[in-house]
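Single-structure report; data block below.
The values are calculated or read from the model by the stated rules, or taken from the named source; none is laboratory data. Only a predicted model underlies this, so the values are computations on that prediction, with no experimental measurement involved. Backbone-built Cβ (ideal geometry, glycine too); neighbour counts: all protein chains shown. Ligands, DNA and RNA are stripped out before the accessible areas are found, and what is left, the full protein with its side chains, is counted by its heavy atoms. Shrake-Rupley method; radii C 1.70, N 1.55, O 1.52, S 1.80 Å.
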Amino acid sequence: MGTIAWAGRKIGGALVVLWLVATAIFIAIRLIPGDPAEAIMGGPGSQASAEALAAARAEYGLDRPLIAQYLMYLGKLATCDFGTSYSLKQPVIGIMGEVLPNTLWLALLALAAAWVLSLCFAAQAMRANRVGAWVGNIVEIIAAAVPHFWLGAVLIMFFSSMLGWLPAVDNGTTQGLVLPVLTLALPLAGFLTQLMRDSLSYAMSSQFALAARARGESRLAVFWRHGLRHAALPALGLTGWAFSSLLSGAVVVEAVFARPGLGRSLLSAVLARDIPMVTGIALFSALVYIVVMAITEGLERAIDPAGASS
Amino acid sequence: MNGQALITARNLSVSFGSTVAVKNVSFTVRAGSCLALVGESGSGKSVTARSLLGLSGGTATADALEVCGQDALSLSERSWQQIRGSSVSMILQDALMALDPLRPVGREIGDALKAHGKLPRAERQQRVIQVLESVRMPEPERRARQRSTELSGGMRQRALIAQALAGNPQVVIADEATTALDSALTALVLAQLRELKEQGRGVLMISHDLAQVAHLADDIAVMRQGEIVEAGVAAQILGNPQHEYTRQLLRAVPSGVPRFVPLSAASRPLAAPMQKDPAPASSALSANGLSKSFGKHAAVESASFEVPRGKTLGIVGESGSGKTTTARMVLGLQPPDAGTVELLGERFAPAHEPQRRKLREQMGAIYQNPLGSFDPRYSVGQLLADALSRGKSKRAAEYRVPVTELLEQVELSLGLLDRNPRELSGGQRQRLAIARALAPKPSVLVLDEPVSALDASIQATVLDLLDRIQVETGTSYLFISHDLSVIEHMSDNVAVMHQGKIIEQGATAQVFAAPQQEYTKLLLSAMPRLR
Amino acid sequence: MSRTAKILSIAFIALWALIALAPSVLAPGDPLAVNPAEAFQAPGTTHFFGTDESGRDIYTRVIHGARDSLAIGLAATALGMGLAIVLGTVAALSPRWLDEIILRVLEALYAIPSLLMALLIIAFTGPGVGPAIVAVGLSTAPGYARLVRSQIRTLKSSEMLEAATVLGRGTWLRVRNHLVPNALKPLLALVTLGIGQAVIWAAALSFLGLGTPPPAPEWGAMLSAGRTYLHLAWWMSLFPGLAIVFVAAGATLIGRALGGKARTT
């Protein structure tokens, strides 16, 4: 498949996914019993004023036939109009523009940290004896099973309360970023290490590694030239999933460290049942996932154009 | 015995912990000649070869081990790295696995030069192209930029040999370099190895196949269970073997052995093949104009053949020739685009599954890897009970008598009843697969590469078993293999497949003695023979 | 699975079953009993895990909290896995066009991060235990459905089923004797791995104040309360979290011993 055809297919697939997500949300709003206008304005408990409800009806075209409403909704989404957050009285797109960079930055740093950590652990595990490997295995499983909200608390307890090295609250400084990033990165590193260790030990014990040694290459050279590539590939394939789990984690981590971001905005929107805000954020994170998937697939194609590993 | 000794091993032993993999072996590899280490899996031949590069992974001890003028017993890791690739190099089995699928082959070849750091970058690239030219790689510049997965089988083998030659080594070790290759590729690799020998290099060939070794080796050492049981000049070993095990190995080579003559001394002697009434002209199985395409690729084109009752039709061809697709159409696993299959005179394919289900009991199948065809949850007894009860029960106790009969028929011990097939050896698994296929008392067995994964001596016993079953039960075989010598021994008639077509068929003796088609002649000329 | 792994797994499951079904055997106290005089006691001989801001015994609450946390995890897994098995099986066995449609829908659902999907659902339903179960169940279903689908497709085209066809077995016998039993074992591994994850997700929702409301002794809710007093009473956060890690890591170990892969959701 040529690169252009491949890119075309990716974009087409992404549009289909976004359309399906949007449609699912549209159906969900209609499924809530009672007045959809009321649902949009925070459910029956919100006691929205009559004017506010009327405004919502007008904005969403609720007095028109369902199909017209649906087309209008899609049309607005196509022009990046996610509606107005009723709890913050601002356009959703504007709020997201403010908080999204915070969260993406956090997730990217955590992803990088998780990669570095797991590469180090996986490389180290290659040299471990049986007991070492067993201990490493247990540590990975526990790391992968630790919930973010608790890990955050434990890290604060240790590094902030007891040692006083790092601030407990994200205050905008670099030190303030360390604990949130670690909290997000450690469980992911647990997952990735398990994956990389398997593929690394496969690569290092493979015939091509033996052939490389027989050509006179040192173990270290074989690790750099062959081992790393093979270890990175399956982990790279998981990046879409990893990023998505980091966004999930960010909701919790931003709450624990009182850090402004997409997660915190989402949480307060959910508590206020601010449907435009919530759907906007959900659609946006789907878009982020799709973009990340496309980037990683492009990278995979660069490392492995023949798809040898799949 | 004129060449200078490049590698000398005296009483070399290699152990892994308390397990001794190689015991006191002694040999010499000389310039311009080829020594073959022959043995079956687990004989320690690969470990021996790797210890000559310091890569055995175990502890090597010896009275003397000299590699290209250096005392290899006291070498540091750094000195070993100097030797590897530039004095001694290795060609491994299976080019697909031995070249990193993620890196261009040119880089892999260049790595051999980089490791020894002799050349600047531009010259290194030049040398890579030179080496590729020396192994007659077509379009070397373009191929150097491709990954092994993008190359054809032949080009891949050439690249594999090139990476071993880049450092211009004095000794090349070929570790099962021809195993699992089809005949054309085998011929290619053997020709390349011969060229290396003629260039004055020493070649150490590791193989399980005596017939292939016969082409090239000047000296042969036969290994079993870590020891060399017999060594000497090739003609001597092949013509006048002294050790019982060598004789056993030689006897196991099927090419040139007439039908029904046992290949293994351990096999029960056969009753004379039933020569009763050659009259029934009706065939057990016939295919008429079978065709199958996948997209634009025509896998099989208009294949027609007949398997007479009680006889064997061998289909021989290289990988990708359409053999397996043909087998799948015959077995009703893949509907043909055109053509029909008739079993015992009745239409078998294309047909509706419920209609032919009863007929299926008349045809069994044996695969190369039987383990994949067994339900992993079933024991040996359960598998057979399931086959006997037509899937209604898996309690071996209910079918004690027929299960026992089946196990005896395939010469498997009754003690294996409760074992899981995973715990069996390769030969035992194939016997179990045969027993299961025989359970419904079929008229026809379709065997797709049934012995290709087995060691020579095991292969011999399984082939003997198949012979005996045919004599005793009159079952017809459709025997598919890439291995000409197995086909020659097992088939009454043979069909040669090439690029999806049957290009030649006839009585085996006739086709093997006087092939009509160019391709068949080519195949046969590349076939390793002992007799 | 080795013998030791079997024994350890059974012991692990038995322990949690006992804790969840009869918490009073191990912790006879009342998890809700308030005693302001004993607030913020550090762990010691009378209170193994210390006490919280109202003087409630943390040990008693962790033990009694197991029932809620595990029940939510189990119910959510059952819901998600049930849905996944139906969707995955239908996709794997249906003609290509239907398979393609189901795959696209699953991909769309998978594109929204699990916790965000759960929050989205709660935004519509409002907070509570029931919505938390539905949210966690639905948000994990797409990932499992894709795994179930690929598992069944692999089995469907396996040599084992082909061999059964060649032996003349009809569709029903092939499905009953080989497909279903062989698909179940990896599913069991998947379910085990899933329970660990579901317990974490459910606790996360409670931690965010969207699941079990206080003062019920649920682990996530206890952690949420402990967060306020992190500097004052570390034990309030440590022990409920350890319980979650213990359950989730144990479930992962058992799932892996059953042959599950590291990646689940």
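Results, tabulated for the structure shown:
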read-out	value
Dmax and Rg, reported as Rg then Dmax, of chain B (C-alpha, Å)	25.2, 77
Whole-Å distance, taken between Cα centres, linking the range C:197-226 and the range C:99-148	19
Accessible area per residue in Å² at 1.4 Å probe, computed on the range C:62-194	37
Estimated inter-spin distance, B:R136 and A:A5, nm [label 7 Å along Cα→Cβ]	3.5
Mean residue ellipticity (222 nm) of chain B, computed from DSSP H runs ≥ 4 via -39,500 (n - 2.57), nearest 500	-10000 deg cm²/dmol
Cβ-defined net charge surrounding B:A49, 10 Å radius [Lys, Arg +1; Asp, Glu -1]	0
Shielded residues, the range C:211-234 - accessible-area loss of 20 Å² or more between chain alone and all protein chains, probe 1.4 Å	C:L223, C:R227, C:L230, C:H231, C:W234
Simple Cβ-charge dipole of the range B:378-439, Lys/Arg +1 and Asp/Glu -1, about Cα centre, in debye nearest 20	260
Hydrodynamic radius (Kirkwood) for chain C, which is based on Cα pairs only, to one decimal in Å	20.2
B:A265-B:V233 FRET efficiency (beta carbon distance; Förster radius 30 Å; 0.05 resolution)	0.75
B/A buried area, accessible surface, summed, 1.4 Å probe, Å²	2300
Length-normalised contact order of the range C:111-265 in % [C-alpha pairs under 8 Å, at least 6 apart]	26
Potential lengthening between C:E100 and C:T154 on full extension [0.36 nm per residue; Cα-Cα distance subtracted]	17.8 nm
Chain A: C-alpha gyration tensor shape, a/c 1.5 cut-off, then a/b vs b/c	oblate
Centroid-to-centroid separation of the range B:485-513 and the range B:1-56 [C-alpha atoms, Å]	39
Kirkwood Rh (inverse of mean 1/r, distinct Cα pairs), the range A:234-310, angstrom	14.0
Calculated FRET efficiency for the pair A:W224/A:E59, C-beta based, R₀ 56 Å, to 0.05	0.45
Simple Cβ-charge dipole of chain B, Lys/Arg +1 and Asp/Glu -1, about Cα centre, in debye nearest 20	900
Label zone at A:L31, where the point sits 7 Å out along the Cα-to-Cβ direction: the range C:173-191 residues whose backbone N lies under 16 Å	none
Out-of-range pairs (alpha-carbon distance over 32 Å; input B:K292/B:K392; B:K392/C:K156; B:K311/B:K358; B:K197/B:K311; B:K296/B:K394; B:K292/C:K185)	B:K292/B:K392; B:K197/B:K311; B:K296/B:K394; B:K292/C:K185
Residue-normalised accessible area of the range B:378-439, given per residue in Å² at a 1.4 Å probe	44
Relative contact order (%) - chain B, alpha-carbon pairs under 8 angstrom, separation at least six	15
Whole-angstrom gap from the range B:282-331 to the range C:55-78, using each part's C-alpha centre	64
Averaged over A:282-291, number of beta-carbon atoms from partner chains that fall within 10 Å	4
Solvent exposure ordering (accessible area, 1.4 Å, most first) of C:T89, B:T246, C:T228, B:T473	C:T228, B:T473, C:T89, B:T246
Chain A, accessible area per residue, ligands and nucleic acids excluded (1.4 Å, Å²)	44
Span-rule helices in chain C, defined as complete DSSP H runs reaching 24 Å or more along the axis (Cα) with Kyte mean at least -0.5	C:3-21, C:58-93, C:129-156, C:180-207, C:235-257
Cα-based shape type of the range B:340-482, given that a ≥ b ≥ c are square roots of the gyration tensor eigenvalues and the cut on a/c is 1.5	oblate
Protection proxy ranking of A:86-93, B:20-27 - average other beta-carbon atoms within 10 Å, highest first	B:20-27, A:86-93
Accessible area buried at the C-B interface, both sides summed, 1.4 Å probe (Å², nearest 100)	1700
Rounded percent of accessible protein surface that carbon and sulfur make up, the range A:87-158, 1.4 Å probe	73
Within chain C, helix-based [θ] at 222 nm, where runs of 4 or more DSSP H residues each add -39,500 (n - 2.57), nearest 500	-24000 deg cm²/dmol
The range B:378-439: relative contact order as a whole-number percent, Cα under 8 Å and 6+ apart	41
Test item: Cα-centred dipole of the protein assembly as shown, Lys/Arg +1 and Asp/Glu -1 on Cβ, debye	740
Test item: B:94-101 mean partner chain Cβ contacts at 10 Å	6
Dipole-positive endmost among B:M155, B:A507, B:C34 within chain B (Cβ charges, Cα centre)	B:M155
Spherically averaged projected area in nm², based on the convex hull that wraps the Cα atoms of the protein assembly as shown	51.2
Loss of accessible area when C meets A, both sides summed, Å² nearest 100, probe 1.4 Å	4200
Selection from C:G44, C:A76, C:G55 lying farthest towards where the dipole of the range C:1-107 points positive, charges on Cβ	C:A76
Share of carbon and sulfur in the accessible heavy-atom surface of the range B:378-439 [1.4 Å probe, %]	46
Portion, in percent, of the accessible area of chain C that falls on carbon or sulfur, probe 1.4 Å	69
